[in-house]
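Undergrad: Sharing a structure with you now.
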Amino acid sequence: MTIRLLALCLACAATPLGAQQGVAARLEGRVPPEVVALVQQLAADAAARGLPVDPLVQKAIEGGAKGVPADRVAAAVRGVAAQLDAAATALRQGGLTSPDTGAIATGAFALNAGLGGKEISELARAGGSAYSAAVTLRVAGTLAALGVPAAETVALVSAAIRAGQPPAELLALPARVQAEMARGVAPAQAAAGLARAAASPSHGGPPPSRRPPKRP
Amino acid sequence: MTDFHPHVKRLIDGELALADLPPELRAEGEEALRLLAAVDRRPVVLSAAVDARVMAIVRRRAAVPSLWRRLVQPRDVRLRLRPWILAPALAAAAALILLLGRTAPQPAAAPVTVRFVLFAPQAQQVAVAGTFNQWDAAATPLVRTRTPGMWAATLQLPAGQHQYAFVVDGARWVPDPSAPAVDDGFGRRNSVMAL
């Protein structure tokens, strides 16, 4: 009897219905019912494919809070779902066989900020197992949001990773670029300058094992 | 009943030793100890009536066990495992673990103190809304600072990436001019911070 009850409880807890009700509860009173239904459906699809659900709910809540019409909220939520899908694909192509939801959500943010799937894959590859993809992509996405072009963004983050900079220093890169921009330097030049500094041996530079061998 | 001298009574109670008694009371003390020892060694014999009464009560209680005794009484338990019952439970547990493992948030890092500042001299009220407060335009108001026209609020936010905007006079959504921004999908811009 007890075992049957346990089985029933576990089956109930695992059902996607519970997750869908959670989405509905978060959206209740914030967006029109048709948007709730759409987000429930997209969230169920996303969860089934290992994608994060929270960005979808957040975008719908944001649309409701800003007084955006239902059809535009629905379109924006669909756009986020597509970005999550693209980010997961790019991360897998970058060598992360099963990326976690945090990395996927941040990858979607980076795509929205202006990076492409190719750059997401490159950054995932550059970070390898030593760096959290979520942190790497958070930094890259913020740099892109500052106006740093995709190529310079990848170059700067990759240089910092090669130099072995800790995550806290990586997270400080956007502020350093912003400080340069405040002095009148263009975002691309600011990022390029910081990338050169990260690569130079006097500024930490790459570890000896990664430096190219000297030619005679 | 023998009426002992108070000192001898104290000897019986163990408060005094025999050597503590005055010489004229020692004989009385020895007699009292002898009697006490005899009483101590005498076997206790209960009457047959007491035996019968006690055993009757025990039998009655054994015949009708109380609910509490049924619960706490040790007994043999035979556990039969039926695979066809366990299989759905194990499958559901595995699904639950997989679901939780995939959607579980990262371990919470230490919160970061963030100061939001906006220069809005014409505003009557300013708030900040974003992913950290469910985009609630009333949840986090900014207060006027000593600098005229300047509004500010200091928050503790979890590490991570946050999007936000200022809400001026409850209706106008304004991106933070000092922060990077991205398209919000609704034709406006959201400010971004990476903590």
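Undergrad: Only four residue types carry charge here, +1 at the Cβ of Lys and Arg and -1 at the Cβ of Asp and Glu. Report the dipole size of segment B:112-194 about the Cα centre in Debye, rounded to the nearest 20.
TA: Here segment B:112-194 has a charge dipole of around 240 debye.
Undergrad: Continuing with this model, one more query. Excluding same-chain residues fewer than 8 positions from A:Lys66, which aspartates and glutamates have a Cα within less than 19 Å of its Cα?
TA: List returned: A:Glu28, A:Glu34, A:Asp54, B:Asp136, B:Asp169, B:Asp176, B:Asp183, B:Asp184.
Undergrad: Follow-up question, since we're still on this one. Could you pull out every one of the aspartates and glutamates with an alpha carbon less than 17 Å from that of B:Lys9, ignoring same-chain neighbours closer than 8 positions?
TA: Straight-distance partners of B:Lys9: B:Asp20, B:Glu24, B:Glu28, B:Glu30, B:Glu31, B:Asp40.
Undergrad: Here's something else I'd like to know. Compute the relative contact order of segment B:112-194 as a whole-number percentage, counting only Cα pairs closer than 8 Å that sit 6 or more residues apart in sequence.
TA: Dividing the mean separation by the residue count of segment B:112-194 yields 30 percent.
Undergrad: Let me ask something else. Under 11 Å from the 7 Å Cα→Cβ point of B:Ala152, by amide nitrogen: which residues of segment B:115-134?
TA: The answer is B:115-118.
Undergrad: Based on the Cβ-Cβ distance of A:Arg72 and A:Ala182, what FRET efficiency does E = 1/(1 + (r/R0)^6) give at R0 = 41 Å, to the nearest 0.05?
TA: For R0 = 41 Å, the calculated efficiency reads 0.75.
Undergrad: Still on this structure, please answer the following. Where the Cα atoms of segment B:154-195 are projected onto their three principal axes, how long is each span, largest first, in whole Å?
TA: Projected onto its principal axes, the Cα set of segment B:154-195 covers 27, 22, 16 Å.
Undergrad: Per residue of A:142-152, count partner chain C-beta atoms within 10 Å of its C-beta, then hand back the mean as an integer.
TA: 3
Undergrad: If you don't mind, another one. To the nearest 0.05, how large is the calculated FRET efficiency for A:Thr97 and B:Leu195 if R₀ is 35 Å and r is the Cβ-Cβ distance?
TA: 0.80
Undergrad: Here is a follow-up. Please report, in whole Å, how far the alpha carbons of segment A:31-206 spread along each principal axis, starting with the longest.
TA: Principal extents (largest minus smallest coordinate, Cα): 59, 38, 23 Å.
Undergrad: Want the number for B:Arg144 to B:Lys9: 0.36 nm per residue separation, take away the alpha-carbon distance, what's left?
TA: Roughly 39.7 nm would be gained on extension.
Read-outs: derived from the displayed coordinates by stated rules, not from any lab. Please read these numbers as outputs of a predicted model, since none were measured by experiment. Ideal geometry is used to build each Cβ from the backbone, glycine not excepted, and the neighbour counts take in all protein chains shown.
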